Every structure is written in structure tokens, then in C-alpha cells.
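J.: This is the structure I want to talk about, given as C-alpha cells.
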Amino acid sequence: MVRKLIAGNWKMNGLQADLAQVDRVVEGLEGAHAEADIALCAPATLLSEMAKRAAGSRLLLGGQSCHPAGSGAYTGDISAPMLKDAGASYVIVGHSERREAHAERSTYVQEQAYAALDAGLVPIICIGENYNERQRGETNRVNERVLLKSMPYPNNQHESVNFVVAYEPKWAIGTGETPTLDEIKSAHGHLREILIEHQGTVGESIQLLYGGSLKPANAVDILSVDNVNGGLIGGASLKADDFLAIYGATAS
Ligand code: PEP
């Protein structure tokens, strides 16, 4: 049984005033079950303060992207060691919004994943097909191609590599649309096979998250699908009560 992870992605949202939501998540976790991991991937400007507020709680933190280099002349970028230093345990890489708006290709995403691992962070590697690819029945083909190019050690070269994969159909992100449960089951089953084929036994325990319009109303159903080991949540992670309700849906 793979332990579940509920990871929020605040994207470019969050000012100091919104830290009250973090306090509320921390408070809510005190009375909640402890069967799953929970993390908020926040804007880098908030991470240090969030880390103070989350100290001693089960809430972990993450960044939303990192540069492949540890430091250097890269104006405006942030490195994995900086995120670690600010209190992060995770970093999202390859989110479709970065792949599209910043032209980040899978080879770059793989470099980011290696940088994250070197810094002691767990990369959350995002993949997923767009609407036209889905219409053409190419979901599994796209997922396989993108995952193999984006993940670290794709040829079973590492005994204990620790990363997370988030399957996020692009057309489901922020739209209120989701694939059917059978479609999610099929995509995640296929991804599990690829992980086992290319990562050996490690591939059996890599957390496979579903992302795309996950919310309290559909969380129990989606999080119960085979090989769905948690969720990556955008919009619904901004409100502590919604985020906690999704976390609550991981109870067995
Ligand atoms: C995301 O951007 O990773 C995401 C899943 O967004 P939303 O939950 O808002 O669809």
C-alpha cells in the first residue's frame, strides 16, 4: 500500500495576509488522521514564514519550480538549495503552466529533478496530455514519452530514488472538468507499469498523484481509484477548509 500525499499548489497566489490559511491547516491537522502526507507548495516569498508556522506540525512545504543549477548568475530564478534552506521538502517541476509559459521542456524538467534530489528535496514531476491529444486517444503515449524524458534515472540506475509523479490532464487544470474514474484508473495503471519497468521495485512505491479540478466534492471518489496515491491541488488548496476536506478524504 503506497502512502498517500495531498499536495497543494498555491501558484502565484498568496500574500502575508493569506498565511492565516496556513495557521488554519496546521490547526485542522491536529485533530485529523495521520495516514497520509500533506504539503503546500507555496510562492517562494512565503516559504520561510510558512515554515515557522508549520514547525512541529505534519504540514510539509514545497516550492513550485527550481533552476537546475545550485547558484549563479540566473536573475529571477530560484535554486533547489534555496528552497530547502527556506524550509521546503518538495518542489514541483514540469507543471504544465511552466512547460507552456516558460517553454520548459522535459529534458530541462529532468535536470530540475536531479537538482532537487541533490538538494535533498523530493521533486513532484508533472505530466499530462492536452485536450487534442486526449481526443486522438494519445493519453498513454504522451504520458509515457513525457515521463521517460522528465524523470530521474529512467533506466533503473538507482536503488532508492525518491520522487513523486503528478498526472495532470492539461484540459482538467482549473476548468472544473475531470476525466472519468475509469480514465484515471487506466492512466494511473499505465504509469505504474512504466515506473516499475523503468525504476524496478522503487517504481512500486512512487506516489502517483492525480491533479486537475480535484475538490472536496470529488475527492473521495478520485482518491479511491487504484494507483491514485494522492492529489496535486491548485484552486482548492487556497482555502484551508477545502484543502483539509480533501486531506480528510484520504482516511481509509
Ligand atoms: C494544478 O494546477 O496543479 C491544479 C491541479 O489546479 P486545479 O486543482 O485548480 O485544477
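J.: State, to one decimal in nm, how far the label point of A217 lies from the label point of Y114, with both points 7 Å from Cα in the Cβ direction.
T.: 4.5
J.: Which residues does the label zone of K149 cover in segment 92-118, counting backbone N under 16 Å from a point 7 Å along Cα→Cβ?
T.: 94-113
J.: Right, here's the next one. So what is the relative contact order for segment 109-252, in percent, with contacts set as C-alpha pairs under 8 Å and at least six apart? Walk me through the intermediate numbers first.
T.: Working: 227 pairs, mean separation 31.4, N = 144.
22 percent.
J.: With a cut-off of 8 Å between alpha carbons and a minimum separation of six or more residues, what is the relative contact order of the chain in percent?
T.: Relative contact order comes out at 22 percent.
J.: With the crude spin-label approximation of a point 7 Å out along Cα→Cβ, what separation in nm comes out for A20 versus I196?
T.: If labels sit at A20 and I196, their model points lie 4.9 nm apart.
J.: What value, in deg cm²/dmol to 500, does the helix sum -39500 (n - 2.57) over DSSP H runs of n ≥ 4 give at 222 nm once divided by the residues of the chain? Before the final figure, lay out the partial values.
T.: Details: 11 runs with 106 residues, N = 252.
The helix-only estimate for the chain comes to -12000 deg cm²/dmol at 222 nm.
J.: Can I ask one more? Once you have the Cα-Cα distance between E177 and K239, take 0.36 nm times their residue separation minus that, and quote the gain in nm to one decimal. Kindly include the intermediate steps, with their values, before the conclusion.
T.: On the way: separation 62, 0.36 × 62 = 22.32 nm, distance 1.96 nm.
Going from the current span to full extension adds 20.4 nm.
J.: For segment 1-106, what does the relative contact order come out to in percent, with C-alpha contacts under 8 Å and a separation of six or more? Display every interim value, and only then the final one.
T.: Details: 151 pairs, mean separation 25.9, N = 106.
Across segment 1-106, relative contact order equals 24 percent.
J.: A further question follows. State the percentage of accessible surface on segment 83-222 attributable to carbon and sulfur atoms; use a 1.4 Å probe and exclude ligands, DNA and RNA.
T.: Working: 2720 of 6180 Å².
Carbon and sulfur atoms account for 44 percent of the accessible area of segment 83-222.
J.: While we're here: Can you tell me which aspartates and glutamates have their Cα less than 20 Å from the Cα of K239? Leave out same-chain residues fewer than eight positions away.
T.: D18, D23, E27, E30, D37, E49, E177
J.: Report, to the nearest whole %, how much of the accessible area of segment 4-51 belongs to carbon and sulfur atoms, 1.4 Å probe, protein only. Don't skip to the answer; put the middle values down first.
T.: Numbers: 1070 of 2030 Å².
In segment 4-51, the share of accessible area belonging to carbon and sulfur is 52 percent.
J.: Quick query: amide H of G230 versus all other amide H atoms, modeled in the peptide plane; which residues come in under 5 Å with a sequence gap of 5 or more or a different chain?
T.: Excluding prolines and chain starts, which carry no amide H, the hits are L5, Y210.
J.: Provide the gained length on full extension for the span N132 to R105, in nm with one decimal, where the gain is 0.36 nm per separating residue minus the Cα-Cα distance.
T.: Numbers: separation 27, 0.36 × 27 = 9.72 nm, distance 1.89 nm.
Full extension of this stretch gives 7.8 nm more.
J.: Then there's this: By what distance, in whole Å, do the Cα atoms of segment 41-196 stretch along each of the three principal axes, largest value first?
T.: The Cα atoms of segment 41-196 stretch 45, 36, 31 Å along the principal axes, largest first.
J.: Right, here's the next one. Straight-line reach from K4: which lysines have a Cα under 20 Å away, not including same-chain ones fewer than 8 places off?
T.: Reachable lysines: K185, K215.
J.: Okay, moving on. Keeping every protein chain present and rolling a 1.4 Å probe, give me the accessible area per residue for the chain in Å². Could the numbers behind the result be given before it?
T.: Numbers: 11260 Å² over 252 residues.
Normalised by residue count, the accessible surface of the chain is 45 Å².
J.: Counting other Cβ atoms within 10 Å, which GluC sites (Glu not before Pro) in segment 191-252 have at most 10 and lie in a DSSP loop? Before the final figure, lay out the partial values.
T.: Values: sites: E193, E197, E204; in loops: none.
Nothing satisfies the criteria.
The values are calculated or read from the model by the stated rules, or taken from the named source; none is laboratory data. What you are looking at is a predicted structure, and each value in this text was computed from that prediction instead of being measured. Positions of Cβ are generated from backbone atoms using ideal geometry, with glycine treated the same way; all protein chains shown enter the neighbour counts. Please note that ligands, DNA and RNA were not included when accessible areas were found on the heavy atoms of the full protein model with its side chains. Shrake-Rupley method; radii C 1.70, N 1.55, O 1.52, S 1.80 Å.
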